[in-house]
1. Looking for something within 20 Å of the chain's Cα centre (by Cα) and either assigned by TED's automatic domain parsing to the domain that holds Leu19 or farther than 25 Å from Leu101 by Cβ (or both) - is there at least one such residue anywhere in segment 180-187?
2. Of the numbered conditions (1) loosely packed, with under 15 Cβ neighbours inside 10 Å; (2) within 16 Å of Ser23 (Cβ to Cβ), Leu101 fails exactly one; give the number of that condition.
3. Name the residues in segment 1-53 that are in contact (Cβ under 8 Å) with a residue 40 or more places away in the chain, within 14 Å of Gly64 (Cβ to Cβ) and β-branched (Val, Ile, Thr), would you?
4. Please verify whether segment 135-144 includes one or more residues that are within 27 Å of Ala75 (Cα to Cα), assigned to a helix (DSSP H, G or I) and out of contact with any strand residue (DSSP E or B) (no Cβ under 7 Å at 6 or more places or on another chain).
5. For segment 23-52, which residues satisfy the criterion of being under 18 Å from the mean Cα position of the chain (by Cα), of a type outside the set (A, V, I, L, M, F, W, C) and at negative phi?
6. Does segment 61-76 contain any residue that is closer than 25 Å to Leu155 by Cβ, surrounded by 13 or more Cβ atoms within 10 Å (Cβ to Cβ), of a type outside the set (Phe, Trp, Tyr) and in contact with a Leu (Cβ under 8 Å, 6 or more places away or on another chain)?
7. So which residues in segment 156-202 are free of Cβ contacts under 8 Å to residues at least 60 places away in the same chain, in contact with a helix residue (DSSP H, G or I) (Cβ under 8 Å, 6 or more places away or on another chain), among the aliphatic types (A, V, I, L, M) and part of a helix (DSSP H, G or I)?
8. Restricting to segment 60-97, count the residues that are in contact with a Phe, Trp or Tyr (Cβ under 6 Å, 6 or more places away or on another chain) and among the acidic types (Asp, Glu).
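The values are calculated or read from the model by the stated rules, or taken from the named source; none is laboratory data. Everything numeric in this text was worked out from a predicted model, so none of it was measured. Neighbour counts are summed over all protein chains in view; Cβ atoms, including those assigned to glycine, are modelled from backbone coordinates with ideal geometry.
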Amino acid sequence: HYGRPVAAPHGRPLDELVLTVLSQSTNDRNRDVAYLRLRARLGAWERVRDAPPAEVESAIQPGGLHRQKSVRIQAILRALGEPLDLAWLAQVPVIEGRDHLTALPGVGRKTAACVLLFAFGQPDVPVDTHVSRVATRLGLLRPGAGSEEMHDAMLALTPRGAHLELHVNLLRHGRRLCHARHPSCEACPLSRACPRVGVPVR
């Protein structure tokens with residue numbers, strides 16, 4: 001229905017890490033505006049790390065929650081130490097890379113999975129609100145499952161090499177049809193097979 005997404009790993013893990021922090025509780029457009037303003041005003045990540053907090057806040061304001069996100073971004077950059085480089089994650093097992101990322105301040109499984117999948121093409125599946133909602137309604141995830149359980153379950157059921165495709169297409173489905181409040185079940189290509197877990201009867 002949505003086709004097979006094509007997105008080659010871009011090899012910029014630190015960019016992906018900051019971009020994912022900026023994406024929280026906002027849409028893609030506002031996230032991108034905030035990211036581009038941050039890079040245009042401060043440039044290198046070392047300058048972002050060392051800048052007065054007010055400068056970072058001002059740059060990322062279009063992304064929403066700018067005070068919280070600026071604190072988190074600078075804390076992550078400081079925790080990384082010198083040099084500011086995560087390229088080595090491409091050379092280690094996924095579990096090792098995931099553990100390193102989730103040890104950073106405010107970095108959870110979804111953010112770590114975004115870095116590993118989009119920067120390096122490694123086998124991980126980010127589970128955001130759209131993915132978790134669709135997968136739960138399809139009966140793939142336990143209702144009320146926590147982040148760790150959801151990510152482990154998605155990894156267990158994802159066919160080899162299909163991590164990007166599964167994530168992107170569940171995300172698209174959640175945005176286009178399987179909405180949180182009023183899912184368009186009548187237009188859904190999965191409606192005949194979907195148990196509609198947690199979907200109110202209308």
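1. Of segment 180-187, the ones within 20 Å of the chain's Cα centre (by Cα) are 180.
Narrowing further to those that are either assigned by TED's automatic domain parsing to the domain that holds Leu19 or farther than 25 Å from Leu101 by Cβ (or both): 180.
For segment 180-187, residues within 20 Å of the chain's Cα centre (by Cα) and either assigned by TED's automatic domain parsing to the domain that holds Leu19 or farther than 25 Å from Leu101 by Cβ (or both): present.
2. (1)
3. Residue satisfying the conditions is Val21 alone.
4. Step one: list which residues in segment 135-144 are within 27 Å of Ala75 (Cα to Cα), which gives none.
No, because not a single residue in segment 135-144 is within 27 Å of Ala75 (Cα to Cα), assigned to a helix (DSSP H, G or I) and out of contact with any strand residue (DSSP E or B) (no Cβ under 7 Å at 6 or more places or on another chain).
5. Ser23, Gln24, Thr26, Asn27, Asp28, Arg29, Asn30, Arg31, Asp32, Tyr35
6. Scanning segment 61-76, I find at least one residue that is closer than 25 Å to Leu155 by Cβ, surrounded by 13 or more Cβ atoms within 10 Å (Cβ to Cβ), of a type outside the set (Phe, Trp, Tyr) and in contact with a Leu (Cβ under 8 Å, 6 or more places away or on another chain), so the answer is yes.
7. Leu166, Leu170, Leu171 - these are the residues of segment 156-202 that are free of Cβ contacts under 8 Å to residues at least 60 places away in the same chain, in contact with a helix residue (DSSP H, G or I) (Cβ under 8 Å, 6 or more places away or on another chain), among the aliphatic types (A, V, I, L, M) and part of a helix (DSSP H, G or I).
8. Adding up the residues that qualify gives 0.
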